[in-house]
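The values are calculated or read from the model by the stated rules, or taken from the named source; none is laboratory data. Because the structure is predicted, anything quoted here is derived from the model rather than measured. No Cβ is skipped: glycine too gets one built from the backbone with ideal geometry, and neighbour counts run over all protein chains shown.
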């Protein structure tokens, strides 16, 4: 099955994005971390970012894969395949990132071992990984609802560019959230890519590191992770119901959506 080619693509995304994630704190948060508190924040941010490498790009890959499946299979079959492929992508992302990211001894820039604050939050892996199959299912529904649209090549390129740009803006905005959530909760529910990025950003920066000793200040991404799960589940449910209704009305439950394609 050609859809299984997304598995090595997921591995490649984790590997390619690993150095980008590792350098995120220095390039985007604090290029000159000083003192044990900021040094600790830097090292922990790097660890979290490495262990979630490829997740946000993988969510988009799952969405696109779902659309692709809906255009080549009967919708009920596409739904089942999307759920399976999405789950496989989640497992691949988790295992690859943990294998390459690892948990390392946290040391300061001068080589000293850093002491660790008493309160450390956990990365909300559950919602972030559950988003993979949900995105794939939503993509399958979108594949039905958007079948044949847009028709022109220029319109498809414009739509794809807008999607990539919007996803990038949401990702950058979410990753910059630190120990204080600066976004309205409704925006996290309505925009799952923003919620996922915020969950990762706050999971690594929920400390007040600008004092002598870092103190617990944020929620380690729990609010954003909950918003991701609620919002994405709702979007997926709405799209899935609408897609089944459209497929039923047009008799598409017995034939692939869009142009005829040979089975992969």
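Structure notes:
For (1) modelled with pLDDT of 95 or more; (2) in contact with a helix residue (DSSP H, G or I) (Cβ under 8 Å, 6 or more places away or on another chain); (3) on the phi < 0 side of the Ramachandran plot, each residue gets a yes or a no:
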site	(1), (2), (3)
58	yes, yes, yes
68	no, yes, yes
106	no, yes, yes
118	no, no, yes
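- In the set 162, 203, 131, 172, only one residue is under 18 Å from the mean Cα position of the chain (by Cα) and modelled with pLDDT of 95 or more; that residue is 131.
- Residue within the range 23-35 that is under 23 Å from residue 124 (Cα atoms) and either surrounded by 22 or more Cβ atoms within 10 Å (Cβ to Cβ) or touching a helix residue (DSSP H, G or I) at 6+ places or on another chain (Cβ under 6 Å) (or both) present: yes
- Check on residue 87, under 25 Å from residue 142 (Cβ atoms) and either touching a residue at least 60 places away in the same chain (Cβ under 8 Å) or in a helix (DSSP H, G or I) (or both): yes
- Count - residues of the range 48-80 that are assigned to a helix (DSSP H, G or I) and either over 30 Å from residue 206 (Cα atoms) or in contact (Cβ under 8 Å) with a residue 60 or more places away in the chain (or both): 23
- Residue 189 vs. criteria touching a helix residue (DSSP H, G or I) at 6+ places or on another chain (Cβ under 9 Å), modelled with pLDDT of 90 or more, surrounded by fewer than 13 Cβ atoms within 10 Å (Cβ to Cβ) and not in a loop (DSSP other than H, G, I, E, B): no
- Filter result for residue 20 (surrounded by fewer than 20 Cβ atoms within 10 Å (Cβ to Cβ), at pLDDT 90 or above and under 20 Å from residue 173 (Cβ atoms)): yes
- When every residue of the range 251-263 is checked against the conditions, none turns out to be part of a helix (DSSP H, G or I) and modelled with pLDDT of 70 or more.
- Search result, residues across the range 25-42 that are part of a helix (DSSP H, G or I) and modelled with pLDDT of 85 or more: 25, 26, 27, 28, 29, 42
- Among (1) touching a residue at least 40 places away in the same chain (Cβ under 8 Å); (2) out of contact with any strand residue (DSSP E or B) (no Cβ under 7 Å at 6 or more places or on another chain); (3) farther than 20 Å from residue 26 by Cβ - the single one residue 216 does not satisfy: (2)
- Selection status of residue 223, in a helix (DSSP H, G or I) and either free of Cβ contacts under 8 Å to residues at least 12 places away in the same chain or under 16 Å from residue 135 (Cα atoms) (or both): no
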